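Working notes, structure below.
Nothing in this text is a laboratory measurement; each read-out follows from the coordinates by a stated rule. Computed from a predicted structure; not experimentally measured. We place every Cβ from the backbone using ideal geometry, glycine too, and count neighbours over all the protein chains shown.
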Amino acid sequence: MTAIPDDDLQQRTLDLVSRVCQKDVTAESRFIEDLGLDSIDLVGLVAELEEEFGVIVGEQQMRTFQTVGDAVECLRALRAGGKDAA
C-alpha cells in the first residue's frame, strides 16, 4: 500500500466528497445537515472512498461519521493499519 501524505489524503477526500455532493466542502462540513446526505447517500459515498483509498470502512466506523473530517481521520487510521479506526 502506497503511503499517502496526510495533506493529500485530506484534499483528495474533500475533492471526492465535493464532486459527489456537488457542493463546496470543508473538513467541518456535516454529511446530513450541511451536505444533505441520507444514509443511502452516505453508503454510496463511503464505497467511493473505499475504492479511492483501497480500504474497507466497517459499518460501525461509518456510523461515527458526522463530518468530512471524521471520515478523513478514519481513512488515516485505516491506511496506517487500522490501529485507531474504531
Checklist entry - With each pseudo-label sitting 7 Å past Cα toward Cβ, what's the V43-S18 distance in nm, one decimal? => result 2.9
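I'd like the projected area of region 27-86, averaged over all directions, using the convex hull of its alpha carbons. Report it in nm² with one decimal.
Taking a quarter of the hull surface, the average projection is 3.6 nm².
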Next on the checklist: If you take every residue apart from R19 with its C-beta less than 14 Å away from the C-beta of R19, what net charge results, scoring Lys and Arg +1 and Asp and Glu -1?
Outcome noted: -4
